[in-house]
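Asker: Supplied in structure tokens, the structure appears directly below.
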Amino acid sequence: MKLDLHIRQGNFRLDVSDSWPDTGVTALFGPSGAGKTTLLRTLAGLDRHAACHIHVAGETWQDDDLFVPPHRRRIGYVFQDAQLFPHLSVRENLAYAVKRASHNGHPHLGDITDVLEIEALLERRPATLSGGERQRVAIARALASGPRLLLLDEPLASLDADRKEPVLSQLLHIRRSWDIPMIFVSHNMDDVIRLADYMAFLDAGRAAPCLPIAKIMTDLDSPLAHRADAAVPVGVLPLGYDAETRMSRIRLGDGSIWVPGGPYEVTHPMRLIVYANRTLLSPPTVPLGPDADEAIPCTVRSTCSSGESTMIVVLTSGEVEFLSRVSRRQANQLGLVVGTRVLAHIPGAVVH
Amino acid sequence: MLTPADTNALLLTLRLALVTTGILLLIGTPLAWFMARSASRFRAVLEAVVALPLVLPPTVLGFYLLLVLGPRGPLGTLFAEPSLAFTFPGLVIGSVIYSLPFVVQPVQNAFRAAGRAPLDTAATLGAGPLDRFFTVALPLARPGFVTASVLGFAHTVGEFGVVLMIGGNIPGVTRVASIAVYDHVETLNYASAHALSLVLVAASLLMLIVVYAYNHQHDQQAAGAGTARVLP
């Protein structure tokens, strides 16, 4: 999709001129007040601003002469506060969407309620649902409308950690099950890295180019790589499963590590989130066999000082790249410069 | 006890209030919708005009209506001979104008309390403007409509000045209950005045109890659902 948005509202400005992918999950990431919701509402057609051009999947939604109203855009929109219709039961809320859906290839309602685990809630009124339940129904309702594009405005922000986890994994399930492009607004780095494929960083009304997340996070010129919660999603392949310990061995770059859970299907694309703060480095002294556990041989691609006494290091292993944050002292001991070979350890890794 | 003439006056009052309330809901709903949603400057003028019957003495309103609907008025001979004044339709027109704010304001408040978000939500689910109005805006404003109907009805039953000016006191045609009570008092027929007044007091009290009970019940149902209560 091509976006060319120039919005002025008093002191607030929003300028975005970019091409965003028409597939996968794109995260619109940035601090509160950066203009994320404004952008999403403009994209949906809920707000109409002059000087905005929006083209999605070969269709023009808005230009100087044309404005397609939101009900003709075939979008699904999940609002931050769910916005279920209070006068309708959960079942009726879903039926409202199904009744107005266009009937080509949208997910089946039974599958939707199944994935979001809301069958037991169908006869309930929205007022009797918990925050997490409401958000799940709202996601289900948006999917049931058969959207070409799903817009999610901070769907996890109002949920505490316990409630958030199931919704996050259901969103991951949706991403795997249906080929619906999503734009996901969030100010939470961890949610973005776990869920999204691409990211556009929005700060003070200006959007950085939308690129694959791994590319953005391993760019040391970007402020994102220097954040304390910096992490990189990397694609991993399952290699085997140990039924006794209930752990799976996965290939990561030129090495392999054990992670809890499984068995995972080989065809099932998985991602491992490698956190810069939790990736430890050691000298490459230990000879590595093919079954070596928990250590990934890698090469330093670039380094940058980050903060008073730490450095952030981009590591390459095979086709993947990830980050490690090390103290200057440790960096000196390991002699970390571009091209240095080290072993990376990723304790407590979990795949999604 | 109630005389046949008094019963007639009560039935006429009931008929007038029902017709008036029906017409008011039809006119008042789009008016309330516009006033709740529009950002135009024209809105303030419209709001003032709608609220005018609240502040004007009913006799002033009745006087102008008499001029407009009378035999020489611009609307007087349009629909009836010799004029609309002193007829039941004339009475309906007067009542509609007199009770307009009592219907428009609760509905307007209800539309405003429901806010824009549910309509936005419906739009993203593929509902067009009319669809959104009938499937989201109207149902969410239901407590406002209940209040509006009861207030419009009760206020029409209770009107006196406007009716006296443009309806006169024609038995069976324009002699409503409030006029009948006035007549009884004028002629010192306190027994009949008592009987008729008691019926009106009881009926009005009952209606108000129903609307307040409904609103309280709706409050509890809507708790946490984001629907504001609508009370007069």
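The values are calculated or read from the model by the stated rules, or taken from the named source; none is laboratory data. What you are looking at is a predicted structure, and each value in this text was computed from that prediction instead of being measured. Positions of Cβ are backbone-derived with ideal geometry, glycine not excepted, and every protein chain shown enters the neighbour counts. What goes into the accessible areas is simple: the full protein's heavy atoms, side chains included, and nothing from ligands, DNA or RNA. Shrake-Rupley method; radii C 1.70, N 1.55, O 1.52, S 1.80 Å.
Asker: So what's the net charge close to B:Val163: Lys and Arg +1, Asp and Glu -1, counting the other residues with Cβ under 15 Å from its Cβ? Please report the intermediate quantities before stating the final value.
Answerer: Numbers: positive: B:Arg15, B:Arg175; negative: B:Glu159, B:Asp183.
Once positives and negatives cancel, what remains is 0.
Asker: When the helices in chain B are scored as -39500 (n - 2.57) per DSSP H run of 4 or longer and the sum is shared across all residues, what 222 nm value do you end up with, to the nearest 500 deg cm²/dmol?
Answerer: Working: 10 runs with 166 residues, N = 232.
Mean residue ellipticity, 222 nm, calculated: -24000 deg cm²/dmol.
Asker: How far, in degrees from 0 to 90, does helix B:142-158 lean away from the longest principal axis of the Cα atoms of chain B, to the nearest 10?
Answerer: 10
Asker: Moving on to the next point. With every protein chain kept in the model, how would you rank B:Met165, A:Met189 by accessible area, 1.4 Å probe, largest at the top? Mind dumping the intermediate values first?
Answerer: Working: B:Met165 55, A:Met189 0 Å².
My answer, sorted largest first, is B:Met165, A:Met189.
Asker: For A:Ala57 and A:Glu123, FRET efficiency with R0 = 35 Å and r from the beta-carbon atoms, rounded to 0.05?
Answerer: On the way: r = 37 Å, r/R0 = 1.05.
Efficiency, from the Cβ-Cβ distance: 0.40.
Asker: Taking A:Lys164 as the anchor, which lysines have their alpha carbon closer than 23 Å to its alpha carbon, excluding any fewer than eight residues away along the same chain?
Answerer: Correct list for A:Lys164: A:Lys36.
Asker: Have a look at the range A:25-165 and give its Rg and Dmax from the Cα atoms, expressed in angstrom.
Answerer: That works out to 15.7, 47 Å for Rg and Dmax.
Asker: With a point put 7 Å past each Cα toward its Cβ, work out how far A:Lys2 is from B:Thr3 in nm, to one decimal.
Answerer: With each label point 7 Å from Cα toward Cβ, the separation is 8.6 nm.
Asker: How large is ³J(HN,Hα), in whole Hz, for each residue of the range B:203-213 in order, when computed from phi with the Karplus curve 6.51 cos²θ - 1.76 cosθ + 1.60 and θ = phi - 60°, using x for Gly and Pro?
Answerer: Running phi through 6.51 cos²θ - 1.76 cosθ + 1.60 with θ = phi - 60° gives 5, 5, 4, 4, 4, 5, 4, 4, 5, 5, 4 Hz.
Asker: Right, another one. What residues of the range B:1-38 lie in the reach of a label at B:Tyr182, counting those whose backbone N is under 16 Å from a point 7 Å from the Cα along Cα→Cβ?
Answerer: Answer for this model: B:9-10, B:13.
Asker: In nm, to one decimal, how far is the modelled label at B:Ser40 from the one at A:Gln333, with both set 7 Å along Cα→Cβ?
Answerer: 7.6
Asker: Any chance you could check the Cα centroid distance between the range A:1-47 and the range B:58-131 for me, in angstrom?
Answerer: Using only Cα atoms to place each centre, the spacing works out to 43 Å.
Asker: Still on this structure, I have one more. Tell me, Kirkwood radius of chain A from alpha-carbon pair distances, in Å? List each step's numbers first, then the result.
Answerer: Numbers: mean 1/r = 0.0457 Å⁻¹.
After inverting the pairwise mean of 1/r, the radius is 21.9 Å.
Asker: If you don't mind, there's one more thing I want to ask. Would you list the P(r) distribution for the range A:232-317, with all Cα-Cα distances sorted into 5 Å bins from 0 and each bin expressed as a whole %?
Answerer: Calculated P(r), rounded to whole percents: 3, 12, 21, 23, 17, 12, 7, 4, 1, 0.
Asker: In addition: Tell me, what HN-Hα J-couplings in whole Hz come from the Karplus equation 6.51 cos²θ - 1.76 cosθ + 1.60 at θ = phi - 60° for each residue of the range A:50-63, using x for Gly and Pro?
Answerer: These are the phi-based 3J(HN,Hα) values: 6, 6, 10, 10, 10, 10, 10, 6, x, 10, 8, 9, 7, 8 Hz.
Asker: Which value, in Å² rounded to 10, gives the accessible area of A:Arg194 with a 1.4 Å probe and all protein chains present?
Answerer: Rounded to the nearest 10, that gives 20 Å².
Asker: Further question: Let me know the Rg and Dmax you get for chain B when you use only its Cα atoms, in Å.
Answerer: Expressed in Å, the Cα Rg and Dmax of chain B come to 19.8, 66.
Asker: Moving on to the next point. Got a sec to turn the phi values of the range A:130-137 into Karplus ³J(HN,Hα) couplings, 6.51 cos²θ - 1.76 cosθ + 1.60 with θ = phi - 60°, whole Hz, x for Gly and Pro?
Answerer: Per-residue couplings from phi come out as 7, x, x, 5, 4, 5, 5, 5 Hz.
Asker: Going by amide H atoms built from the backbone, whose H comes under 5 Å of the H on A:Gly76, apart from near neighbours?
Answerer: HN-HN under 5 Å from A:Gly76: A:Arg148, A:Leu149, A:Leu150, A:Leu151.
Asker: Just read off the accessible area of A:Trp178 with the full protein assembly in place, 1.4 Å probe, to the nearest 10 Å².
Answerer: 40
Asker: Just how large is the dipole of the range B:99-217 about the Cα centre, in debye to the nearest 20, putting +1 at every Lys and Arg Cβ and -1 at every Asp and Glu Cβ? Kindly include the intermediate steps, with their values, before the conclusion.
Answerer: Numbers: 5 positive and 5 negative charges, 68 e Å.
Approximately 320 debye in magnitude.
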